[in-house]
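What follows is a short report on a single structure.
Coordinate-derived values only; no laboratory data. Because the structure is predicted, anything quoted here is derived from the model rather than measured. Methodologically, a virtual Cβ is constructed for each residue, glycine included, from the backbone with ideal geometry; neighbour enumeration extends over all protein chains shown.
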Amino acid sequence: MTLTNWAGNIAFDAARVHRPSTVDRVREVVAGAERVRVLGSGHSFNDIADTPADLISVAGLPVEPRIDAAAGTVTVAGGVRYGQLAAFLDAQGYALHNLGSLPHISIAGAIATGTHGSGAALGNLATAVAGIELVTAGGDLVRLARGDADFPGAVVSLGTLGVVVGVTLDVRPAYTIRQFVFEHLPRSVLDARWEDIATAGYSVSLFTGWAGDTVDQLWLKLADGEEPDGFGAVPAGRAMHPIAAMPPESCTDQGGVPGPWHRRLPHFKLEFTPSSGEELQTEYFVARDDAVEAFAAIERLRHLVTPVLQISEIRVVAADELWLSPTYRRDSVALHFTWIQDAARVAPVVAALEEALAPLAARPHWGKVFHRAARPERLTDFLALRDRLDPDRKFSNAFVERHLAAE
């Protein structure tokens, strides 16, 4: 049986696939391999995890979350999915600062690529990392913690430094979120009141097909004390899926009903598969201050975009200090595109988007479909760190060599 990613657009070429159940076994596999890549939940849309050699899945490592109440952290295996950890934390009275759209993704995979949720004051998921444990090229177990000189380069690392077997995350007391959905936000209002809309809740998402004079949906996830403002959009009179024609049963509860953080912050429920996977995804990050200009650039390409688009999502993410993060030192707007699963038709549209957004110094999401990535500001520092931890490039692959070349 061929091993593929979640979307099915990547068939892995690995000669051997390992599913170790202990960290010691991970160390043995890594030490004995010539080339290694790591597979998380497979929710990537390019060849970032592919290799013709040895592929390691960390999904089988023991979960065993350990809360350190004094430090305000939880430590868990890297292959654990956010939904699993969230349910455990909430039962103990704790929470994470944010979650992505899908609770199905693995922790190590999400942080390695700078994956995010939404929130003007909230960094991507990797910003919650207080420490990591990784198996390096020689099979050694290395621990890095926030405050170590190498730490900002080691968190969002694209799997190039080692196999992340353990992650320590900041936690906070559990909290309640209410979710409201509005329809048909006037497009002119989005431009005129962009900053107000972007900061209108704990988490804000807009869904659009870029085809008309309104934004299809505005999703507001509000903390206690926040009240919804639809900015001229109409309150949805029913439960909604981001793609309005699709059934909403898989989506988290709406209508302002209070619920625990992990049952509202994602768009989709853990117990449902949100779709069949028959899609491709692309995402670019530009400065939040450049959002209105980015919207206009995309709309100039709507004749290319809309024929291959299922839905687009707009979110905001706070800046961070992680060297390879798409939001490094830049409060950002994330422009996400869910395409039909037709790589030949999508590829030229992605190329056109990259050209249109290049003047805004757009950065791609590392785990999604893109052609070129702008040189990260701290790439030289990152490559020096890789030279120390993996001098023989055991954890490299074709994707890494394309996008992290020294020059």
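Of note:
- Unit charges on C-beta of K, R, D, E only; dipole of the chain, Debye: 500 debye
- Each principal axis of the Cα atoms in the stretch 16-57 has its own extent, and those three values, largest first, are 30, 20, 12 angstrom.
- Cβ-defined net charge surrounding L96, 11 Å radius [Lys, Arg +1; Asp, Glu -1]: -1
- Net charge over other residues, Cβ less than 13 angstrom from the Cβ of R315 (K, R count +1; D, E count -1): -1
- Beta bridges from DSSP with both residues in the chain: antiparallel share about 85 percent, rounded to the nearest 5.
- Computed from the Cβ-Cβ distance with R0 of 22 Å, the FRET efficiency linking A361 to Y175 stands at 0.05.
- Debye-formula intensities of the stretch 24-164, expressed as log10 I(q)/I(0) at q = 0.13, 0.20, 0.21 Å⁻¹, are -0.56, -1.34, -1.47 (one equal scatterer per alpha-carbon, no solvent).
- Anisotropy class of the stretch 188-263 from Cα gyration tensor, a/c 1.5 cut: oblate
- Hypothetical label at A384: residues of the stretch 295-333 whose amide nitrogen lies under 20 Å (7 Å Cα-Cβ projection): 321-325, 328-329
- 10 Å Cβ shell holding at most 14 others, DSSP loop, trypsin sites (Lys or Arg not before Pro): longest site-free stretch of the chain: 1-237
- Nearest-20 debye value, the stretch 176-364 charge dipole, Cβ charges on Lys, Arg, Asp, Glu: 200 debye
- In straight-distance terms, cross-link reach from K269 covers every one of the aspartates and glutamates whose alpha-carbon lies under 16 Å from its own, apart from those fewer than eight places away in the same chain; here that gives D90, E249, D253.
- Between A11 and E227, the C-beta separation translates, for a Förster distance of 51 Å, into a calculated FRET efficiency of about 0.55.
- Positive minus negative residues near Q254 (Lys, Arg vs Asp, Glu; Cβ under 11 Å): +3
- Its Kirkwood hydrodynamic radius, worked out from the mean inverse distance over all distinct Cα pairs, puts the stretch 176-364 at 17.1 Å.
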